[in-house]
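First comes the structure, then the notes that go with it.
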Amino acid sequence: MVSPLSVSMALGMTRNGAAGSTLEAMTNTLGFAGMGDTEINESYKYIIETFTALDPKVKLQIANSIWYRNNFTG
């Protein structure tokens, strides 16, 4: 299942590796203008912790990951 939260978190992880105009564009598109990296990442952490604690019968699993190659030349 792909949820809006999952997509937002995946783009947030991608944003963490961005720089320059890409970072600025991602920050604005995701609605994070005026927020710093720590604040954004802590917000995602808070969401995960909150959702996990809502109902002990529900198991929240997130499988987002980023894979990269150090030797990629583009």
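Where residues in region 1-47 are part of a loop (DSSP other than H, G, I, E, B) and open to solvent by 90 Å² or more (accessible area, probe 1.4 Å), which of them is modelled with the highest pLDDT? If we take residues in region 1-47 being part of a loop (DSSP other than H, G, I, E, B) and open to solvent by 90 Å² or more (accessible area, probe 1.4 Å), then Val2 is modelled with the highest pLDDT.
Evaluated against (1) β-branched (Val, Ile, Thr); (2) free of Cβ contacts under 8 Å to residues at least 40 places away in the same chain; (3) open to solvent by 70 Å² or more (accessible area, probe 1.4 Å), Thr50 falls short on exactly one condition, (3).
The values are calculated or read from the model by the stated rules, or taken from the named source; none is laboratory data. Quantities reported herein were computed from a predicted structural model and do not represent experimental measurements. When we count neighbours, we look across all protein chains shown, and the Cβ atoms used for this are built from the backbone with ideal geometry, even at glycine. Please note that ligands, DNA and RNA were not included when accessible areas were found on the heavy atoms of the full protein model with its side chains. Shrake-Rupley method; radii C 1.70, N 1.55, O 1.52, S 1.80 Å.
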